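The values are calculated or read from the model by the stated rules, or taken from the named source; none is laboratory data. What you see is a predicted model, and the numbers here were worked out from it, not measured in a lab. All Cβ positions, even for glycine, are placed from backbone atoms using ideal geometry, and neighbour counts span all protein chains on display.
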DNA sequence: ATTATTTTGTACCGTTTCGCATAAAAAGCG
DNA sequence: CGCTTTTTATGCGAAACGGTACAAAATAAT
């Protein structure tokens, strides 16, 4: 059984795929630097279809950023999950940093690098309150996701009771932000992978 | 004695002041988001004078970013200088973080916030190799400035011999990067000032 | 005073930008 | 088969964009 076909002419595109293409276009060229023509070429749609399907440029951008945020949340969440083979919380921190490299580092296959939101929303944040809010929401969610896990770790005894959870969370999220910026500047995965273990040890009060 | 006047009609503006105004315009609106008209209005010059005096848009942008880089280098350098009242290296680290807040945090008087380069060059980095290089140069200089000071500290016994200097430098510069991003997202100086001491302690192996 | 030189300001050029109006196309419904 | 509904595609239009031509203005040199 298939869902009942809607009334008129059927859509000629997959909305998910179009949003993903739009994300990649903005990810590469930024908000102001990506025109509707570029967006149309990237998605395969023409401008009126784009507009009818996703809204105006700003709306498409914000939807694309939300999509990236979903993707990032998922990966960071998975990295923070405890695993049987973890010998200390250093392993969890290292996994988080690897996730940051995978999420915010170079994506060779699609020719982009950096956190899509941080790399593009910062430029607009002071002139567009809604985009600033998207950026702030991403930062806040990253901090929150980390702090929740760090508190749990402290409660479970994975981290010493005197650990400054807030400072540690700030440093971890900051490192993730910076990994995105560094890769945007051309740094490779290998450049950053080789730092992960020493960073994890330096970040973790558990020696 | 004054310098011999050049031949033709004298300039009606101070090049330093114009470049500073251009910096503030790009700082606020980003590269793609700032038009030559906006730039002309901000500097008080008209477009032809701007072009004759500073070059085309990209050239003006790059000169403005270099100006910001000079400003940042100076402040970070001053913060890293040893002071008689320092009781431990934690004080130096805290001073560096305060400098990051002053340089990359909100500048209420001129209505901008964030590191001018990171906040605006990241959006262009993947499509403009020269701008990417400006960004990379800033990141590299921050790391270099920090590492030089950390090595010195280790040599002077301010830091334990087993300190992982590279990791510590990476974390410190990353924190500075992130402070710029957070303030771009709307975080206030006070939000971040209140974290400085705990961050400095968490970053410093000297407890 | 005249000339040479440089800066200034208006006005313009061709292109790009975003958004939409409008008609053709593709489907279901009666 | 017509009729309605929805999507597609061409293409328009007003505005904004980066850049420059050109003449007027301001100064030094002769």
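Between A:120, A:127, which is in a loop (DSSP other than H, G, I, E, B), in contact with a helix residue (DSSP H, G or I) (Cβ under 6 Å, 6 or more places away or on another chain) and at the interface with chain B (Cβ under 10 Å from one of its Cβ atoms)? Walk me through it before giving the result.
Working: A:120 fails: in a loop (DSSP other than H, G, I, E, B).
The conditions single out A:127.
Only one of (1) within 30 Å of residue B:31 (Cα to Cα); (2) within 14 Å of another protein chain (Cβ to nearest Cβ); (3) in a helix (DSSP H, G or I) is not met by residue A:73, so which one is it?
Among (1) within 30 Å of residue B:31 (Cα to Cα); (2) within 14 Å of another protein chain (Cβ to nearest Cβ); (3) in a helix (DSSP H, G or I), the lone unmet condition for residue A:73 is (2).
Considering each residue of region B:161-181, count those that are part of a loop (DSSP other than H, G, I, E, B) and touching a helix residue (DSSP H, G or I) at 6+ places or on another chain (Cβ under 8 Å), and give that number. So that I can check it myself, show each step before the final result.
Initial filter on region B:161-181 (part of a loop (DSSP other than H, G, I, E, B)): B:161-164.
In the following step, the residues that additionally are touching a helix residue (DSSP H, G or I) at 6+ places or on another chain (Cβ under 8 Å) were identified as B:161, B:163-164.
Within region B:161-181, residues that are part of a loop (DSSP other than H, G, I, E, B) and touching a helix residue (DSSP H, G or I) at 6+ places or on another chain (Cβ under 8 Å) number 3.
Quick check: is even one residue across region B:151-166 within 18 Å of the chain's Cα centre (by Cα), at negative phi and more than 7 Å from chain A (Cβ to nearest Cβ)?
If we filter region B:151-166 for residues that are within 18 Å of the chain's Cα centre (by Cα), which is where we start, we get none.
No, that holds for no residue.
Looking only at region A:10-26, filter to residues that are over 18 Å from residue A:120 (Cβ atoms) and surrounded by fewer than 21 Cβ atoms within 10 Å (Cβ to Cβ); which one of those is farthest from the chain's Cα centre (by Cα)? If you could, list the steps in order and put the result at the bottom.
Here is the first cut: in region A:10-26, the ones over 18 Å from residue A:120 (Cβ atoms) are A:10-18.
Those still in the list that are surrounded by fewer than 21 Cβ atoms within 10 Å (Cβ to Cβ) too: A:10-17.
Working: A:10: 33, A:11: 29, A:12: 29, A:13: 25, A:14: 23, A:15: 20, A:16: 17, A:17: 18 Å.
Per the criteria, the residue is A:10.
Assess whether residue B:87 counts as being within 24 Å of the chain's Cα centre (by Cα) and either away from DNA strand C (no atom under 16 Å from the Cβ) or assigned to a helix (DSSP H, G or I) (or both). Step through it out loud before you land on a result.
Details: within 24 Å of the chain's Cα centre (by Cα): no; either away from DNA strand C (no atom under 16 Å from the Cβ) or assigned to a helix (DSSP H, G or I) (or both): yes.
Taking the combined requirement at face value, the residue does not satisfy it.
Can you tell me which residues in region B:159-186 are buried (at least 20 other Cβ atoms within 10 Å of the Cβ) and farther than 21 Å from residue A:195 by Cβ?
Within region B:159-186, B:182, B:183, B:184, B:185 qualify.
Tell me, which residue of region B:35-54 that is in contact (Cβ under 8 Å) with a residue 24 or more places away in the chain and outside any helix (DSSP H, G or I) is farthest from DNA strand D (Cβ to nearest atom)?
Filtering first and then ranking leaves B:44.
Yes/no per residue for (1) more than 16 Å from DNA strand D (Cβ to nearest atom); (2) within 27 Å of residue B:177 (Cβ to Cβ); (3) within 14 Å of chain B (Cβ to nearest Cβ); (4) modelled with pLDDT of 95 or more:
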{"site": "A:21", "(1), (2), (3), (4)": "no, no, no, yes"}
{"site": "A:29", "(1), (2), (3), (4)": "no, yes, yes, yes"}
{"site": "A:65", "(1), (2), (3), (4)": "yes, yes, yes, yes"}
{"site": "A:84", "(1), (2), (3), (4)": "yes, no, no, yes"}
{"site": "A:97", "(1), (2), (3), (4)": "yes, yes, yes, yes"}
{"site": "A:100", "(1), (2), (3), (4)": "yes, yes, yes, yes"}
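For residue B:61, indicate whether it is within 12 Å of DNA strand C (Cβ to nearest atom), touching a residue at least 40 places away in the same chain (Cβ under 8 Å) and more than 26 Å from residue B:190 (Cα to Cα). Before you say what the answer is, go through the steps one by one.
On the way: within 12 Å of DNA strand C (Cβ to nearest atom): no; touching a residue at least 40 places away in the same chain (Cβ under 8 Å): yes; more than 26 Å from residue B:190 (Cα to Cα): yes.
It is false that residue B:61 is within 12 Å of DNA strand C (Cβ to nearest atom), touching a residue at least 40 places away in the same chain (Cβ under 8 Å) and more than 26 Å from residue B:190 (Cα to Cα).
Kindly provide the set of residues from region B:182-207 that are part of a loop (DSSP other than H, G, I, E, B) and at the interface with another protein chain (Cβ under 10 Å from one of its Cβ atoms), ordered by number.
Correct list: B:185, B:186, B:187, B:205, B:207.
Do you know which residues across region A:42-52 are near DNA strand C (Cβ under 10 Å from one of its atoms) and surrounded by fewer than 16 Cβ atoms within 10 Å (Cβ to Cβ)?
Taking region A:42-52 first, the residues near DNA strand C (Cβ under 10 Å from one of its atoms) are A:46-52.
Correct list: A:46, A:47, A:48, A:52.
Among the candidates B:55, B:33, B:29, single out the residue that is surrounded by 13 or more Cβ atoms within 10 Å (Cβ to Cβ), within 14 Å of DNA strand C (Cβ to nearest atom) and under 16 Å from residue B:124 (Cβ atoms). Give the derivation first.
Numbers: B:55 fails: under 16 Å from residue B:124 (Cβ atoms); B:29 fails: within 14 Å of DNA strand C (Cβ to nearest atom).
Criteria check complete, one pass: B:33.
For region A:102-138, name all the residues that are closer than 17 Å to residue A:67 by Cβ and within 11 Å of the chain's Cα centre (by Cα).
We begin by selecting, within region A:102-138, every residue closer than 17 Å to residue A:67 by Cβ; these are A:102-104, A:107, A:110, A:112, A:114-121, A:130-131, A:133-135, A:137-138.
Of everything in region A:102-138, those that are closer than 17 Å to residue A:67 by Cβ and within 11 Å of the chain's Cα centre (by Cα) turn out to be A:102, A:103, A:104, A:114, A:115, A:116, A:117, A:118, A:119, A:135, A:138.
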